[in-house]
Amino acid sequence: MLNKKVKSIILAAGKGTRMKSEMPKVLHSIFNKPLLGYVLDAVNNINCTDESFVIVGHEAEKVENFVKSYCDNAKCILQSPQLGTGDAVNKAAPYLKDFDGYVIVVCGDTPLITSETIQDFVLFHDNNHADLTVMSAIFENPKNYGRIIRDKNKKFIAIVEEKDATPEQKAVKEINAGIYCINWKTVSDAFNNLQNNNAQGEYYLTDIVKWAVEKNLTVQSYILENNEEIFGINSKVHLAQATKILNRKSVTRLMEEGVQIVDPDTTFISPETTIGADTLVLPNVYITGKNIIGKNCKIGPFAHIRDGAVIGNNVRIGNFVEVKKSVIKDNTNVSHLSYIGDAELGSKVNIGAGTITANYNPISKVKSKTIIKDGANTGSNSVLVAPVTVNEMASVGAGSVITKDVEAYSLAVTRAPMKILSNWVKRKIEQLSGGNK
């Protein structure tokens with residue numbers, strides 16, 4: 001049982017030059033969730049964490065706006081100029097002046113790190129009575145990583161970057177994963193003693209290991225079991241690779257829980273989405289954000305479910321259907337080529353092909369709700385202009401535009417009366433033929 005309080009420092013100041021984008025690297029998304037959001041979730045979901053400090057720099061305002069909107073226990077701290085990772089952590093020191101607990105340091109571009117791993121990491125640090133613990137990993141090809149250097153007694157004594165390593169050190173396969181757990185009371189003084197006598201003129205976070213060893217403090221390394229968790233995003237190629245890794249874990253978990261996913265290679269489902277047993281997910285389905293999908297449903301093919309969908313049991317979401325921020329109750333069918341956004345659908349509702357809930361007013365920028373109650377149905381190619389309610393057992397005729405509430409058990413039709421002009425086509429053909437003579 002961990003009795004110490006835990007705070008985190010998340011490094012998110014870099015530009016991410018190789019992303020080739022004006023957007024800050026940590027705001028690039030996987031399943032519409034920024035990389036920084038994954039890291040914030042990982043550190044916030046462990047026991048005893050009560051506060052995070054996000055070190056911002058490039059496009060600081062954008063990053064800070066995201067943090068403020070995403071969680072209420074994180075404070076952004078500006079690093080300007082950006083003088084290295086050691087300097088970045090030191091920016092949080094004034095806010096930790098009297099703190100007697102553990103500080104986790106993690107990079108904001110590692111979206112695959114899990115709260116379970118960080119929890120185990122902190123418990124390892126605590127159980128070993130360490131002053132400083134560095135997360136490490138074993139790579140067969142450790143190129144470009146800092147190496148964990150040990151003495152002849154296997155004691156951890158330093159981290160050496162590859163560019164500074166000797167051939168013997170380069171042969172070491174244990175690498176620095178870039179995540180630290182610090183006993184702040186005993187190690188914080190290290191940040192006042194860092195030196196920048198290197199080619200970059202920066203203060204390296206890795207130098208705190210050397211400082212702690214010289215002070216005869218207890219320094220440990222925690223070897224990571226799954227190396228994928230420290231995969232850092234430095235390019236759009238990395239972003240795509242991380243998306244596939246995260247998706248593979250998500251669809252595998254769902255299949256193990258009883259969901260039938262016909263083609264995992266073409267199905268993308270966010271980790272926050274839960275799906276009940278015996279639901280069938282057909283190929284080319286894309287699900288983002290946090291959603292709840294019940295049992296015995298049929299989804300797709302080519303369906304898109306966005307954040308905030310709550311879908312009951314025995315629901316059919318057809319091909320080329322998009323659902324966003326909507327509640328769909330049991331035994332309801334949403335047929336192909338439809339859009340259901342900001343809506344509440346009751347049970348045993350039937351949505352005809354091509355139905356649209358028109359939820360957005362582009363002038364006022366307001367989104368409104370459509371309510372379709374139990375047993376109601378819409379004909380093909382209907383448009384329901386929100387705010388509007390279709391009451392129990394009511395029907396909407398095909399091709400109708402509904403702008404007023406529809407009372408229970410009634411039929412709403414807005415089509416113009418049908419006209420048949422006899423021989424109209426024949427006359428047109430004769431006119432065209434005559435014109436070509």
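The values are calculated or read from the model by the stated rules, or taken from the named source; none is laboratory data. Note that the structure is a prediction, hence the values are computed from the model and not measured. Heads up, the Cβs are rebuilt from the backbone with ideal geometry, glycines too, and the neighbour counts pull from every protein chain shown. Ligands, DNA and RNA are excluded from the accessible area calculation, which covers all protein heavy atoms including side chains. Shrake-Rupley method; radii C 1.70, N 1.55, O 1.52, S 1.80 Å.
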With Leu96 itself left out, Lys, Arg at +1 and Asp, Glu at -1 over residues whose Cβ is under 13 Å from its Cβ give +1
Quantify, in whole percent, the carbon and sulfur part of the accessible surface of the stretch 1-131 (1.4 Å probe; protein heavy atoms only).
45
For the stretch 372-385, Karplus-derived ³J(HN,Hα) couplings (6.51, -1.76, 1.60; θ = phi - 60°; whole Hz; x for glycine and proline) come out as 10, 8, 3, x, 6, 8, 10, x, 4, 6, 8, 10, 10, 8
Relative contact order in percent for the stretch 1-127 (Cα pairs under 8 Å, 6+ apart) equals 39
Amide H to amide H under 5 Å from Asn313: which residues, 5+ apart in sequence or cross-chain, H placed 1.01 Å off N in plane?
Lys295, Asp330, Asn331
Other residues with Cβ under 14 Å from the Cβ of Asp72 give, with Lys and Arg +1 and Asp and Glu -1, a net charge of -2
Kindly provide the helix-only [θ] at 222 nm of the chain, computed as the sum of -39,500 (n - 2.57) over DSSP H runs of four or more divided by all residues, to the nearest 500 deg cm²/dmol?
-6000 deg cm²/dmol
List every residue whose amide H lies under 5 Å from the amide H of Val54, counting only residues 5 or more places away in sequence or on a different chain, with H placed 1.01 Å from N in the peptide plane.
Ile10, Lys75, Cys76, Ile77
GNM of the chain, Cα pairs under 10 angstrom: of Gln119, Gln82, Gln195, the biggest fluctuation goes to Gln195
Grab the beta carbon distance between Gln200 and Lys249, set R0 = 35 Å, and tell me the FRET efficiency rounded to 0.05.
0.45
15 Å reach of a label modelled at Val237, 7 Å along Cα-to-Cβ, counting backbone N of the stretch 128-144:
144
What relative contact order, as a whole-number percentage, does the stretch 21-91 give when Cα pairs under 8 Å and 6 or more residues apart are counted?
27
Could you list which residues have their amide H under 5 Å from that of Ala358, counting only those 5 or more apart in sequence or on another chain, with H placed in the peptide plane?
Leu384, Val385, Ala386
Ranked output for segments 422-434, 134-146, 314-326 by mean other Cβ atoms within 10 Å, highest leading, reads 314-326, 134-146, 422-434
Mind checking which of Pro417, Ala398, Val349 is farthest towards the positive end of the stretch 298-436's charge dipole, using Cβ charges of +1 (Lys, Arg) and -1 (Asp, Glu) about the Cα centre?
Pro417
Fraction of accessible area attributable to carbon and sulfur, the stretch 132-219 (%, probe 1.4 Å)
44
Once Lys and Arg are counted +1 and Asp and Glu -1 for all other residues with Cβ under 13 Å from that of Leu421, the total becomes +4
I'd like to check one number: the per residue accessible area of the chain, probe 1.4 Å, reported in Å² as a whole number.
50
Relative packing of peptides 198-209, 69-80 - highest average C-beta neighbours within 10 Å first:
198-209, 69-80
For the stretch 300-437, the Cα-Cα pair-distance distribution in 10 Å bins from 0, as whole percents, is 13, 39, 23, 9, 10, 5, 0
With an 8 Å Cα cut-off and a minimum separation of 6 or more residues, compute the relative contact order for the chain in percent.
9
Simple spin-label estimate for Asp263 and Glu61 in nanometres, 7 Å along Cα-Cβ
4.5
